[in-house]
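Scroll down for the structure; my scribbles are underneath it.
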Amino acid sequence: MSEGFCPDQSPEYYEEFLREIEHTKDLRKKIYEKIGLKNARRILEVGCRQGVISQELRDASDAQITAIDSDYMNIADNSERIKGIEFYREPAEKLSMRDESFDIVICHYFFLWKPKPFGSLMELKRVCKKGGYIVALAEPDYLAWIENPDLGLGKYHIETLQSQGGNPGVGRSLLSVFSSGGLETEIFVNARIWPQSELEGCYEKEWTNIYDQGLISEEEYKQKIAEEKQIIENKLRIIALPIFSAVGKKVTLLEETIDPFDDY
């Protein structure tokens, strides 16, 4: 989430991240099995933020794990709380690691904040070993936001992301980005539907955030709050957001002879 200060370090985006983490837990387990996470020797996590995925990786593998983030507070806090991982403050655009250093390079909500995702991917590819994997665990697609009745909440989310340098449609572009980077790619998609409890607990905060950014007037804000309250109380509100994942294998012409977990 935080390569440079990204807006998704805000409490609102972090809460959304935690909700998404829980929703896609089973998919991550499937991906970890697919890429042989348990047998990997060196793993790099890019954009570790508050270390939620870092801890998950530590629990799932005996590999040597390196996690980077450009926010020094995240690095300091993670280093104190999470043992057995090397945390470094470093920008993802120019990694200090040598070519082909890691069996697996993994990220979560990373490409969302990359205006040029292909360039970012190629740097991750550089440090990935031949036969290894580059994994985008989750990237949302706000352009495919679903809400009914349509009160415009998704539209304002898109405007906010674009104004802050985010790419609201990055999820649907993962296949083209990874494939263009020469990776043998598999795509997964998982739609997260907001449960009733989340709708009840979040709608006011969602619209308050939009109002605070000056996207709607005070009168519009009050109207949206009243509409949401009534619709949600009547259990007629639907909000869903597609979350994409990508698993890219760094293939070679002699792929069949290469074991991604060979000694270095």
*Within the group Y142, Y156, which residue is farther than 27 Å from D26 by Cα and of a type in the set (F, W, Y)?*
Y156
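Just to be sure before I move on: is N209 polar (S, T, N, Q), surrounded by fewer than 19 Cβ atoms within 10 Å (Cβ to Cβ), touching a residue at least 40 places away in the same chain (Cβ under 8 Å) and in contact with a strand residue (DSSP E or B) (Cβ under 8 Å, 6 or more places away or on another chain) in the structure I sent?
So N209 fails the test.
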*Which numbered condition S176 misses (of (1) surrounded by 14 or more Cβ atoms within 10 Å (Cβ to Cβ); (2) closer than 21 Å to P115 by Cα)*: (1)
_Every residue from the stretch 212-230 that is touching a helix residue (DSSP H, G or I) at 6+ places or on another chain (Cβ under 9 Å) and in contact (Cβ under 8 Å) with a residue 60 or more places away in the chain_ = I216, K224, E228
*Given the structure, is G182 surrounded by 19 or more Cβ atoms within 10 Å (Cβ to Cβ) and not hydrophobic (A, V, I, L, M, F, W, C)?*
no
*So, of the residues in the stretch 93-142 that are in contact with a Ser or Thr (Cβ under 8 Å, 6 or more places away or on another chain) and of a type in the set (G, A, S), which turns out to be nearest to T185 (Cα to Cα)?*
A136
_Cβ-Cβ under 8 Å, sequence separation 6+ or interchain: first residue in the stretch 123-150 and over 18 Å from S180 (Cβ atoms), partner surrounded by 17 or more Cβ atoms within 10 Å (Cβ to Cβ) and among the acidic types (D, E). Which pairs?_
K129/D103; G132/D103; A138/E20; P140/E20
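To keep it simple, each residue is scored yes or no on (1) of a type outside the set (S, T, N, Q); (2) at pLDDT below 95; (3) over 24 Å from the mean Cα position of the chain (by Cα); (4) exposed (fewer than 13 other Cβ atoms within 10 Å of the Cβ).
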site: F188; (1), (2), (3), (4): yes, no, no, no
site: E218; (1), (2), (3), (4): yes, no, yes, yes
site: I225; (1), (2), (3), (4): yes, no, yes, no
site: Q230; (1), (2), (3), (4): no, no, yes, yes
site: L241; (1), (2), (3), (4): yes, yes, no, no
site: I258; (1), (2), (3), (4): yes, yes, yes, no
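Can G166 be described as modelled with pLDDT under 95, under 30 Å from L121 (Cβ atoms) and not in a helix (DSSP H, G or I)?
Yes: the conditions hold for G166.
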*Among the strands (runs of 3 or more DSSP E) confined wholly to the stretch 10-110, which include 1 or more residues that are surrounded by fewer than 15 Cβ atoms within 10 Å (Cβ to Cβ), at pLDDT 95 or above and not β-branched (V, I, T)?*
85-89
*Does K205 fit the bill of being more than 26 Å from the chain's Cα centre (by Cα) and in a helix (DSSP H, G or I)?*
no
*Out of the residues in the stretch 71-94 that are within 19 Å of the chain's Cα centre (by Cα) and among the aliphatic types (A, V, I, L, M), state the one that is nearest to I35 (Cα to Cα).*
A92
*Can you tell me which residue in the stretch 158-186 is farthest from C128 (Cα to Cα), limited to those that are of a type in the set (A, V, I, L, M, F, W, C) and within 13 Å of the chain's Cα centre (by Cα)?*
V170
*State all residues of the stretch 190-202 that are more than 15 Å from the chain's Cα centre (by Cα) and either in a helix (DSSP H, G or I) or touching a residue at least 60 places away in the same chain (Cβ under 8 Å) (or both); if no residue qualifies, say none.*
Q196, S197, E198, L199, E200, G201, C202
*asked:* Looking only at the stretch 243-256, filter to residues that are under 24 Å from F110 (Cβ atoms) and of a type in the set (A, V, I, L, M); which one of those is modelled with the lowest pLDDT?
replied: V251
*Go over the candidates S163, S173, S197 one by one and state the one that is over 27 Å from K222 (Cα atoms) and among the hydroxyl-bearing types (S, T, Y).*
S173
*Restricted to the stretch 132-150, and to residues that are among the aromatic types (F, W, Y) and within 21 Å of T160 (Cβ to Cβ), which residue is surrounded by the fewest Cβ atoms within 10 Å (Cβ to Cβ)?*
W145
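The values are calculated or read from the model by the stated rules, or taken from the named source; none is laboratory data. As the structure is a prediction and not an experimental result, all values here were calculated from the model. Neighbour counts are summed over all protein chains in view; Cβ atoms, including those assigned to glycine, are modelled from backbone coordinates with ideal geometry.
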